[in-house]
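Novice: One structure, pasted below without further comment.
The values are calculated or read from the model by the stated rules, or taken from the named source; none is laboratory data. Source: prediction; values computed, not measured. Virtual Cβ from ideal backbone geometry, glycine too; neighbours counted across all protein chains shown. With ligands, DNA and RNA removed, areas are computed over all heavy atoms of the protein, side chains included. Shrake-Rupley method; radii C 1.70, N 1.55, O 1.52, S 1.80 Å.
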Amino acid sequence: MKSWRDSVRNVVPYTPGEQPKEDGVIKLNTNENPYPPSPKVLEAMKEITNLRKYPDPAVSDLTEALSSYYRIDSSEVFVGVGSDDVLAIAFLTFFNSDVPVFFPDITYSFYDVWADLFQIPFERKPLNEKFEICAQDYYGENGGVIFPNPNAPTGALLELETVRDILDHNREVLVIVDEAYIDFGGESALSLIHDYDNLLVVQTYSKSRSLAGLRIGYAMGNRELIKAMSDVKYSFNSYTMNEPSIVMGTAAIKDEEYFQDTRNKIIKTREWFQEELRELGFSFADSKANFVFAAHESIPARELFEAAKKEKIYVRYFDKPRINNYLRISIGTDEEMQALVRFFKSMMNK
Ligand SMILES: *Cc1c(COP(=O)(O)O)cnc(C)c1O
């Protein structure tokens, strides 16, 4: 007997971090920003009057606002529904070779999911023992390269010189730098897009701009790359960005002072928290993101994870090879991080 089951596209989906429903939770498991979005975003909500009509398929207002913020041409910006949408469209648009796409073995766990979904061959390049990306691993023939910078879930940053080195050895394929966390202390590869027509820099509102709920991500690169992605988008769904996101996203990018203020607070809290962790016996790569990826010298990560959860403190644990003794802890407010440190101290009788 023939069945529709024989022709199902079977995929193993990405597992997002838990979004607990209970009250009183300290939520440090999905790298959300602990501070609310700019007050200008809420003010802009009142301007959302035109829900009867379809939104602008070109997302012009937001694209213009981003292009003037980053001082590039609007033809060099592509806006999507979170960087997950932008990255998925980039995979679909550019990774169409029989040679494998390269990405790190420990990295954002959506990359292999999209590769499987779109039937793209890929090869994982192991990070070194210090959890660093080694540029030489990306020199060989490939169908494209993607890595986050800073990397997730390690938090380790590649210097711009190393990003340039990877680009110099990959002039013929698309190189995507996923900069979801770049605003927390790294140097963006945006300055290289006019030197490398095969470089796509992807950023998001979800972490540094406190707007994970709006779903806004964007890619910046050569106009031919942006055109190719737009063509794929319009072949799939023209009206991806909803009107409220366009209006509020445009307002958010214009409040530079608020942005600087909140990201500096997070950086300050991260530096303090890393010192506390070190004193408690954790080891970790220096983080340039809004999370720390840490292993304890004696208590297994799973045990810490489960005990914290009982106290309504949620952190992220990945039961995967090489990283199953690590916790990924998002940087919350000072009060939240102090509560976590107190909890660790009580567990360690310190
Ligand atoms: C959070 C994250 C994304 C996705 O963010 P969106 O909310 O879809 O914009 C992409 N890449 C990395 C490495 C991330 O951590």
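Novice: If Ala295 satisfies every condition in (1) within 16 Å of the ligand (Cβ to nearest atom); (2) hydrophobic (A, V, I, L, M, F, W, C); (3) part of a strand (DSSP E or B) but one, which is the exception?
Specialist: Condition (1) is where Ala295 drops out.
Novice: For segment 24-40, indicate whether the set of residues that are touching a residue at least 24 places away in the same chain (Cβ under 8 Å), out of contact with any strand residue (DSSP E or B) (no Cβ under 9 Å at 6 or more places or on another chain) and part of a helix (DSSP H, G or I) is non-empty.
Specialist: Scanning segment 24-40 turns up at least one residue that is touching a residue at least 24 places away in the same chain (Cβ under 8 Å), out of contact with any strand residue (DSSP E or B) (no Cβ under 9 Å at 6 or more places or on another chain) and part of a helix (DSSP H, G or I).
Novice: Same structure again: Give segment 19-33 a look and list any residue that's more than 15 Å from the ligand (Cβ to nearest atom) and on the phi < 0 side of the Ramachandran plot, or say none. Please lay out each step first, then the result.
Specialist: Restricting attention to segment 19-33, the residues satisfying the condition of being more than 15 Å from the ligand (Cβ to nearest atom) are 20-26.
Pro20, Lys21, Glu22, Asp23, Val25, Ile26 - these are the residues of segment 19-33 that are more than 15 Å from the ligand (Cβ to nearest atom) and on the phi < 0 side of the Ramachandran plot.
Novice: Can you find, within segment 157-204, the residue that is farthest from the chain's Cα centre (by Cα) among those that are away from the ligand (no atom under 15 Å from the Cβ) and polar (S, T, N, Q)?
Specialist: Asn170
Novice: Please determine whether any residue of segment 129-143 is closer than 22 Å to Ile216 by Cα and surrounded by fewer than 16 Cβ atoms within 10 Å (Cβ to Cβ). Write out each step before concluding.
Specialist: Here is the first cut: in segment 129-143, the residues closer than 22 Å to Ile216 by Cα are none.
Looking for residues that are closer than 22 Å to Ile216 by Cα and surrounded by fewer than 16 Cβ atoms within 10 Å (Cβ to Cβ), one finds none in segment 129-143, hence no.
Novice: Here's something else I'd like to know. Taking segment 63-114 on its own, how many of its residues are farther than 27 Å from Pro321 by Cα and open to solvent by less than 30 Å² (accessible area, probe 1.4 Å)?
Specialist: Taking segment 63-114 as the starting set, the residues that turn out to be farther than 27 Å from Pro321 by Cα are 63-82, 85-86, 89-90, 92-94, 96-98.
Within this subset, residues satisfying the condition of being open to solvent by less than 30 Å² (accessible area, probe 1.4 Å) are 63, 65-67, 72, 76-80, 82, 86, 89-90, 93.
Looking only at that region, the number is 15.
Novice: Exactly one condition in (1) assigned by TED's automatic domain parsing to the domain that holds Arg342; (2) under 25 Å from Lys207 (Cα atoms) is false for Arg302; which is it?
Specialist: Answer for Arg302: the failing condition is (2).
Novice: What is the number of the single condition among (1) surrounded by fewer than 20 Cβ atoms within 10 Å (Cβ to Cβ); (2) out of contact with any Lys or Arg (no Cβ under 8 Å at 6 or more places or on another chain) that Lys254 does not meet?
Specialist: With respect to (1) surrounded by fewer than 20 Cβ atoms within 10 Å (Cβ to Cβ); (2) out of contact with any Lys or Arg (no Cβ under 8 Å at 6 or more places or on another chain), Lys254 is out only on (2).
Novice: Evaluate segment 188-197: report whether one residue or more is more than 30 Å from Glu271 (Cα to Cα), touching a residue at least 60 places away in the same chain (Cβ under 8 Å) and of a type in the set (A, V, I, L, M). Walk me through it before giving the result.
Specialist: Kept after step one, since they are more than 30 Å from Glu271 (Cα to Cα), are these residues of segment 188-197: 193-197.
Keeping just the survivors that are touching a residue at least 60 places away in the same chain (Cβ under 8 Å) gives 193.
When the remaining residues are screened for being of a type in the set (A, V, I, L, M), the result is 193.
The answer is yes; a qualifying residue exists.
Novice: Something else: Taking segment 331-350 on its own, how many of its residues are open to solvent by 70 Å² or more (accessible area, probe 1.4 Å) and in a loop (DSSP other than H, G, I, E, B)? Give the steps one after another, and end with the answer.
Specialist: We begin by selecting, within segment 331-350, every residue open to solvent by 70 Å² or more (accessible area, probe 1.4 Å); these are 335, 338, 342, 345-346, 349-350.
Those left that are additionally in a loop (DSSP other than H, G, I, E, B): 349-350.
Going through segment 331-350 one residue at a time, the tally reaches 2.
Novice: Still on this structure: In segment 64-91, which residues are part of a helix (DSSP H, G or I) and more than 16 Å from the ligand (Cβ to nearest atom)? Quick ask: steps written out before the conclusion?
Specialist: Here is the first cut: in segment 64-91, the ones part of a helix (DSSP H, G or I) are 64-70, 74-76, 82-91.
Once the filter is applied, which keeps residues that are part of a helix (DSSP H, G or I) and more than 16 Å from the ligand (Cβ to nearest atom), segment 64-91 yields Glu64, Ala65, Ser67, Ser68, Tyr69, Tyr70, Ser74, Ser75, Glu76.
Novice: Follow-up. Do the conditions hold for Gly143, that is, is it among the small types (Gly, Ala, Ser), touching a strand residue (DSSP E or B) at 6+ places or on another chain (Cβ under 9 Å), part of a loop (DSSP other than H, G, I, E, B) and closer than 25 Å to Arg322 by Cβ? Even if it seems obvious, please write down each step before you answer.
Specialist: Numbers: among the small types (Gly, Ala, Ser): yes; touching a strand residue (DSSP E or B) at 6+ places or on another chain (Cβ under 9 Å): yes; part of a loop (DSSP other than H, G, I, E, B): yes; closer than 25 Å to Arg322 by Cβ: yes.
Answer is yes for this residue.
Novice: On to the next question. Residues being among the polar types (S, T, N, Q) and modelled with pLDDT of 95 or more: count how many of those fall in segment 205-241. Break it down into steps so the answer makes sense when it comes.
Specialist: Restricting attention to segment 205-241, the residues satisfying the condition of being among the polar types (S, T, N, Q) are 206, 208, 210, 222, 230, 235, 237-238, 240.
Cutting the leftovers down to modelled with pLDDT of 95 or more gives us 206, 208, 210, 222, 230, 235.
Count: 6.
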